[in-house]
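Asks: What follows is a structure written as structure tokens; I'll ask about it next.
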Amino acid sequence: MHAVVRLYTGQGAQPLFQMLEDKRELVKGAIARTPGLSRYTLIRTRHGGASLTVCRTPNGTDESTRIARRFIAAHAPHLDLAAPNVAEGAVILDLDLAHLD
């Protein structure tokens, strides 16, 4: 498993996450095309937000980053966004308490 976190802050980040919330069905449709997608989460923060993508391989997380870039360009070209801070790497623990019995 491989994960990528994209953290969006600065000018335009809060409106971006409002747009993503408003268009969540379009977001689902776009990100669902990610190869080997295991998990996708959008998180609103005080200064903008973050996305977490978990895929079976690094190719999947790389593609999710391209999908996100194209989605933002298509749906929020008017926002003056800085590039997100990106952290990615191998997943060493994925604990899902909802499935522990």
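The values are calculated or read from the model by the stated rules, or taken from the named source; none is laboratory data. In this text, all values refer to a predicted model and were calculated from it rather than measured experimentally. Reconstructed Cβ throughout: ideal geometry from the backbone, glycine too, with neighbour counts over all protein chains shown. For the accessible areas, the whole protein counts, side chains as well, though only heavy atoms, and no ligand, DNA or RNA atoms are used. Shrake-Rupley method; radii C 1.70, N 1.55, O 1.52, S 1.80 Å.
Asks: So is ALA90 within 11 Å of HIS2 (Cβ to Cβ) and either open to solvent by less than 50 Å² (accessible area, probe 1.4 Å) or not basic (Lys, Arg) (or both) or not?
Replies: In short, yes.
Asks: Every residue in the stretch 11-25 that is touching a Phe, Trp or Tyr at 6+ places or on another chain (Cβ under 8 Å) and aliphatic (A, V, I, L, M), please.
Replies: LEU16, the sole residue that qualifies.
Asks: Among the listed residues LEU20, LEU16, LEU42, LEU37, which satisfies the condition of being surrounded by 13 or more Cβ atoms within 10 Å (Cβ to Cβ), at pLDDT 95 or above, over 15 Å from ARG69 (Cα atoms) and of a type outside the set (S, T, N, Q)?
Replies: LEU37
Asks: Right, something else. Return the residues of the stretch 56-81 that are of a type outside the set (D, E, K, R) and in contact with a strand residue (DSSP E or B) (Cβ under 8 Å, 6 or more places away or on another chain); say none if nothing qualifies.
Replies: Selection gives THR57, PRO58, GLY60, THR61, SER64, THR65, ALA68, LEU81.
Asks: Just to be sure, is VAL5 surrounded by 12 or more Cβ atoms within 10 Å (Cβ to Cβ) and in contact with an Asp or Glu (Cβ under 8 Å, 6 or more places away or on another chain)? Reasoning before the result, please.
Replies: Values: surrounded by 12 or more Cβ atoms within 10 Å (Cβ to Cβ): yes; in contact with an Asp or Glu (Cβ under 8 Å, 6 or more places away or on another chain): yes.
In short, yes.
Asks: Within the set of pairs 6+ apart or on separate chains, which have a first residue in the stretch 75-86 that is farther than 20 Å from ALA30 by Cα, a second that is aliphatic (A, V, I, L, M) and open to solvent by 60 Å² or more (accessible area, probe 1.4 Å), and C-beta atoms under 6 Å apart?
Replies: The qualifying pairs are ASN85/LEU7.
Asks: Let me confirm something: among GLY48, GLY29, which residue is of a type in the set (Gly, Ala, Ser) and open to solvent by 20 Å² or more (accessible area, probe 1.4 Å)? Give the steps one after another, and end with the answer.
Replies: Numbers: GLY48 fails: open to solvent by 20 Å² or more (accessible area, probe 1.4 Å).
Selected residue: GLY29, the only one of GLY48, GLY29 that is of a type in the set (Gly, Ala, Ser) and open to solvent by 20 Å² or more (accessible area, probe 1.4 Å).
Asks: Which residues, taken from the stretch 57-80, are open to solvent by 50 Å² or more (accessible area, probe 1.4 Å), part of a loop (DSSP other than H, G, I, E, B) and not polar (S, T, N, Q)?
Replies: PRO77, HIS78, ASP80
Asks: Here's another thing I want to ask about it. In the stretch 1-40, what residues are among the hydroxyl-bearing types (Ser, Thr, Tyr), farther than 18 Å from THR57 by Cα and in a strand (DSSP E or B)?
Replies: TYR8
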